[in-house]
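What follows is one structure encoded as structure tokens, with my remarks underneath.
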Amino acid sequence: MDIDKIINSYKSKINDEDAKPEKVVQSKADTLNKVENVSVLAGLLENIRTAYDMISDTLAGRYKGVSKATIALLAGGLAYLALPVDIVPDFIPVAGWMDDAAVLTWIFTRCADEFKKYKDFKNPPTNAPVE
């Protein structure tokens, strides 16, 4: 599966407004309700929540440790998950969610270091000095 091909095809089907971080964050509850019982995405739910929270905290100015490129990448992935426009439509059993899982896995792998920094920010280790 060529992830770049999927992403480029997807970009041609949505407008830029749909993937803006502000708009993506607004869809958090609806998207989580939609995917929480999708077995193909079960292993990604924690990272999906983390991505939403990281974008939200960054937009609100509470977190400054992430690049604009990472926010754009995460917002694009979450928009791909939330919007009905997919390479394989979500209503197709199992296969409909496989492309979402592949795209998100690719994105979350690239953001693993950023996720760790963000999680440390949200929940500092107990033995770390408090500033």
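All of the numbers you see were taken from the coordinates with simple rules; none came from a lab. Note that the structure is predicted; figures quoted are calculated from it, not measured. Please note: Cβ atoms are built from the backbone with ideal geometry, for glycine as well, and neighbour counts cover all protein chains shown.
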Potential extension, Asp113-Glu46 segment - 0.36 nm per residue separation minus Cα distance:
22.6 nm
Taking the Cα-to-Cβ direction at Glu36 and at Lys20 and moving 7 Å from each Cα, how far apart do the two end points lie in nm?
2.8 nm
Contour minus Cα-Cα distance for Ala72 and Thr105 (0.36 nm per residue):
10.3 nm
For a quick protection proxy, order the peptides 79-86, 93-100 by their average other-Cβ count within 10 Å, most packed first.
79-86, 93-100
